[in-house]
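Below you'll find the structure, written out as structure tokens, and then a few comments.
The values are calculated or read from the model by the stated rules, or taken from the named source; none is laboratory data. None of these values were measured; they are calculated from a predicted model. Counting neighbours? That spans all protein chains shown, and the Cβs are built from the backbone with ideal geometry, glycine included.
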Amino acid sequence: MPNSVKKHKEFPSTAQLLTEGGDDRIRLDRPGGVNKYGCSPYPDDNLIALGSSTATTISAAGFAAAEVLRDKLASAQNEYGISCYPEQYERLRQELKALCGVAGSSGIDVVFAASGTDAHLIAAQLIDHAAAAPLCAVMVDTAETGSGVAAALAGRHFSSRTALGATVIENAPLAERGVAVRVAAIRDANGYPRSAEAIDSDITALVASVIAGGQRVLLTLTDVSKTGLIAPSPACAARLQQMYAGRLSVLVDACQCRIAPATLRAYLDCGYMVAITGSKFMTGPSFAGALFLPPDAPRGDIPLSLLNYSARAEWPESKQNGDLNDVANCGLLLRWEAALTEMRAFYALPEWRVQAFMQKCADVISHRLQNDDTFQLLPAQPLNRYPLPVEASWDTVPSIFSFLLYRCSSTPHHPRVPLSREETARIYFQLQRDMSADKTLPQGDVSAELAVRRFQLGQPVLCGSGHDIPVSALRLCVSARMVAAALSPSGIGESGVIAQALAALDKIAWLTGDLR
């Protein structure tokens, strides 16, 4: 089990704890002491973070908050454990509910999870455990959600190690009765988003087929996806919930956390479960998930299948039972402490200023991507949440900009051709390096200035083919930390934040030019 230490002097450091209490993805197994997402457990002020759709390295403020909490836990350690551990989780739970605007809502509970994938696993197991009929999960394709999400919904181990340190067989079932999974495509073969009507039609047909077969449905509504899409539409989910009352549950995958508090409340009022993370838009360290449960969520014992994934303090007291392991996942606790530091700074800003600045970012970034032959901005559908009774807010403004890379071609009919997935991945990693000492790159005043700057974008996402070349898209993302840096008195201002985003595109264009 994680963090099972006995003596004060052996209590792990903050950096070590930040890399514990998750699955294999959290390990620092990449060159430079980073995890698979390129993130370090230490602040890196020289890395410009523009990749919040994947992950963001912890900030100095987040690390300082985590360190204070780490020292408090170490001081409270005795031979029986950490005396203040449960109360710290409850403190975080109450503050998270307050920041998300549901503090005064009766019956809403929060379960902490080691990741967004773990939150999907918990939700599916809760529904399946409470249902008499076999469960089938209906979702959009995992390229837009997460590689382990389908396995988690299916009740299978999505890694070889669980959040509580158990070694398991990846893709093996957690329990005797598994969960079927049905998937609808969200993009076409060329990487363009399908219409909302087409996706809703496929989802409706899948749900009808599953219900006709005597199964119960867990419908996942993704708001928003890795590339900034909502699918299926909230209107489709509402129709299906009404049509199949008692036989269909809805889980909102809001793990990007690009939804305003009013939107989250509206989903909970519909009776939907909502999964979020503190590690995407909110820029907390990787692997900090939470599952919001509405008042009519399944009651009863927590399934035994979750015992290697979820510990007692991570559940509200009203849902704890004797089967839960009473162990400490201090890493998850510290990661949420850091995430709440970012959330406090973001939610302290006037909402109208946040919306205005995010719209300004969207306009400037989109204009650059649409007017430079190096890039092709992938089209996205408007963020339409009808019929939720919410007014337009910052969460209706696009904050993920997905684009393909192109280079010049000597072919008359195709003056430019897309970069392959391998070439795009190469540029993704080069962006994160100081390349000023790389003598193989083109020289000159502009390139030398760009070479030293380091940028982190969202990991490339598979996006079909172009000119018969399999391609992937990079993602430049606006985050809560960027907004706070733009609008807070101590930040670098609106122009400074936008200049950083444009500089990242400059470096990408420069690196792409080297491939021509």
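Listed here are the residues, each with its yes/no results for (1) in contact with a His (Cβ under 9 Å, 6 or more places away or on another chain); (2) part of a strand (DSSP E or B).
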site	(1), (2)
Ala163	no, no
Ala175	yes, no
Asp200	no, no
Thr220	yes, yes
Thr227	no, no
Ala238	no, no
Ala245	no, no
Ser249	no, yes
Val252	no, yes
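Just checking, which of Ala55, Ala66 is under 29 Å from Leu268 (Cβ atoms), in contact with a Cys (Cβ under 7 Å, 6 or more places away or on another chain) and not acidic (Asp, Glu)?
The unique qualifying residue is Ala55.
Would it be correct to say that Gln256 is over 30 Å from Lys36 (Cβ atoms) and either within 12 Å of the chain's Cα centre (by Cα) or not assigned by TED's automatic domain parsing to the domain that holds Ser399 (or both)?
Criteria not met by Gln256.
With the requirement that a residue be surrounded by fewer than 21 Cβ atoms within 10 Å (Cβ to Cβ) and either touching a residue at least 40 places away in the same chain (Cβ under 8 Å) or more than 30 Å from Ala499 (Cα to Cα) (or both), what does region 49-62 give you?
Correct list: Ala61 only.
Out of contact with any helix residue (DSSP H, G or I) (no Cβ under 7 Å at 6 or more places or on another chain) and surrounded by fewer than 23 Cβ atoms within 10 Å (Cβ to Cβ), is that true of Pro316?
no
Give all pairs with beta carbons closer than 8 Å in which a residue from region 63-77 that is surrounded by fewer than 21 Cβ atoms within 10 Å (Cβ to Cβ) and assigned to a helix (DSSP H, G or I) meets a residue that is among the aromatic types (Phe, Trp, Tyr) and modelled with pLDDT under 95; count only pairs at least 6 apart in sequence or on separate chains.
Ala74/Phe11
Report yes if some residue within region 265-279 is under 20 Å from Val149 (Cβ atoms), buried (at least 24 other Cβ atoms within 10 Å of the Cβ) and more than 20 Å from the chain's Cα centre (by Cα); otherwise report no.
no
Going residue by residue through region 394-405, is there one that turns out to be surrounded by fewer than 15 Cβ atoms within 10 Å (Cβ to Cβ), in contact with a strand residue (DSSP E or B) (Cβ under 9 Å, 6 or more places away or on another chain) and not in a helix (DSSP H, G or I)?
Within region 394-405 (the criterion being surrounded by fewer than 15 Cβ atoms within 10 Å (Cβ to Cβ), in contact with a strand residue (DSSP E or B) (Cβ under 9 Å, 6 or more places away or on another chain) and not in a helix (DSSP H, G or I)), the answer is no, since none of the residues qualifies.
Given (1) touching a helix residue (DSSP H, G or I) at 6+ places or on another chain (Cβ under 8 Å); (2) small (Gly, Ala, Ser); (3) at pLDDT below 95; (4) farther than 21 Å from Ser279 by Cβ, identify the lone condition not met by Gly146.
Tallying (1) touching a helix residue (DSSP H, G or I) at 6+ places or on another chain (Cβ under 8 Å); (2) small (Gly, Ala, Ser); (3) at pLDDT below 95; (4) farther than 21 Å from Ser279 by Cβ, Gly146 fails exactly one: (4).
So if I check each of Gly300, Gly322, which one is under 21 Å from Ser106 (Cα atoms), of a type outside the set (A, V, I, L, M), modelled with pLDDT under 90 and assigned to a loop (DSSP other than H, G, I, E, B)?
Numbers: Gly322 fails: under 21 Å from Ser106 (Cα atoms).
Sole residue among the options that is under 21 Å from Ser106 (Cα atoms), of a type outside the set (A, V, I, L, M), modelled with pLDDT under 90 and assigned to a loop (DSSP other than H, G, I, E, B): Gly300.
Those residues that are on the phi > 0 side of the Ramachandran plot and either polar (S, T, N, Q) or part of a strand (DSSP E or B) (or both), I need them from region 254-294; list them, please.
Thr283
Select from region 471-497 the residues that are out of contact with any Pro (no Cβ under 7 Å at 6 or more places or on another chain) and in a strand (DSSP E or B) and write down the one among them that is surrounded by the fewest Cβ atoms within 10 Å (Cβ to Cβ).
At the first step, the residues of region 471-497 found to be out of contact with any Pro (no Cβ under 7 Å at 6 or more places or on another chain) are 475-497.
Narrowing the set further to residues that are in a strand (DSSP E or B) leaves 475-477.
Working: Arg475: 23, Leu476: 26, Cys477: 30.
Applying the filter and picking the extreme gives Arg475.
Which members of region 65-109 meet the condition of being more than 13 Å from Asn329 (Cα to Cα) and of a type in the set (Phe, Trp, Tyr)?
Tyr80
Anything in region 13-42 that is closer than 21 Å to Asn308 by Cβ and acidic (Asp, Glu)? List them, or say none.
Those that are closer than 21 Å to Asn308 by Cβ and acidic (Asp, Glu): Glu20, Asp23, Asp24.
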